[in-house]
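Asks: Structure incoming, see below.
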């Protein structure tokens, strides 16, 4: 009789993510968000971004995933470290058992304890209650992608949710609710 495998939440820096998990996450990203990497993405994120990968696994089988990418952002006349939570998914056969919540909670904890001023995520309108359950708050001004390289700035469709982490961000919460956050890339 085969021993039952245990579901475990793990975090990896990009250079330490096992290939088996990288391939599974990359395949899911490619199938779910074909616009990422022109549909040819092999990794959940481009290697140069150095994401933190939060995975829920059973052995080497990936059940759920979330990525965290750090960026520097100017907002309200101040510099901020913003950690973007993204590429959150649970494989279809593993849904409905709280696995997505487990990776989002673990990723949110990594943002809170990792030195960020603010966490940010973009989601579909129907997912607001899900992320609110992990402490995220919706803001209306949204997010503008502005690479700072002369390319056109564009507004991201859908809700933006923020997680104020540092005391400074908590004190400046109103400025995040009044003006869109300009970020260098979509995460």
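The values are calculated or read from the model by the stated rules, or taken from the named source; none is laboratory data. On a predicted model such as this, the values are computed, not experimentally measured, just so you know. So basically every Cβ, Gly included, is an ideal-geometry build from the backbone, and we count neighbours across all protein chains shown.
Asks: Among the listed residues 125, 184, 129, which satisfies the condition of being surrounded by 14 or more Cβ atoms within 10 Å (Cβ to Cβ) and either more than 14 Å from the chain's Cα centre (by Cα) or within 20 Å of residue 69 (Cβ to Cβ) (or both)?
Replies: The unique qualifying residue is 184.
Asks: Answer yes or no: is there a residue in region 100-118 that is touching a residue at least 24 places away in the same chain (Cβ under 8 Å), closer than 23 Å to residue 144 by Cβ and either assigned to a strand (DSSP E or B) or touching a helix residue (DSSP H, G or I) at 6+ places or on another chain (Cβ under 8 Å) (or both).
Replies: The answer is yes; a qualifying residue exists.
Asks: While we're here: For region 124-144, how many residues are modelled with pLDDT under 90 and closer than 15 Å to residue 83 by Cα?
Replies: 1
Asks: Among the residues of region 63-89, what is the count of those that are on the phi > 0 side of the Ramachandran plot and surrounded by 20 or more Cβ atoms within 10 Å (Cβ to Cβ)?
Replies: 1
Asks: While we're here: Those residues that are more than 13 Å from the chain's Cα centre (by Cα), in a loop (DSSP other than H, G, I, E, B) and surrounded by 11 or more Cβ atoms within 10 Å (Cβ to Cβ), I need them from region 135-164; list them, please.
Replies: Answer for region 135-164, where residues must be more than 13 Å from the chain's Cα centre (by Cα), in a loop (DSSP other than H, G, I, E, B) and surrounded by 11 or more Cβ atoms within 10 Å (Cβ to Cβ): 135, 141, 142, 146, 147, 153, 156, 158, 159.
Asks: Quick one: which of 17, 5 is surrounded by 15 or more Cβ atoms within 10 Å (Cβ to Cβ) and in contact with a strand residue (DSSP E or B) (Cβ under 7 Å, 6 or more places away or on another chain)?
Replies: 17
Asks: Another question, then. From the list 44, 92, which residue is farther than 30 Å from residue 175 by Cβ and surrounded by 16 or more Cβ atoms within 10 Å (Cβ to Cβ)?
Replies: Just a single option satisfies the conditions, and that option is 44.
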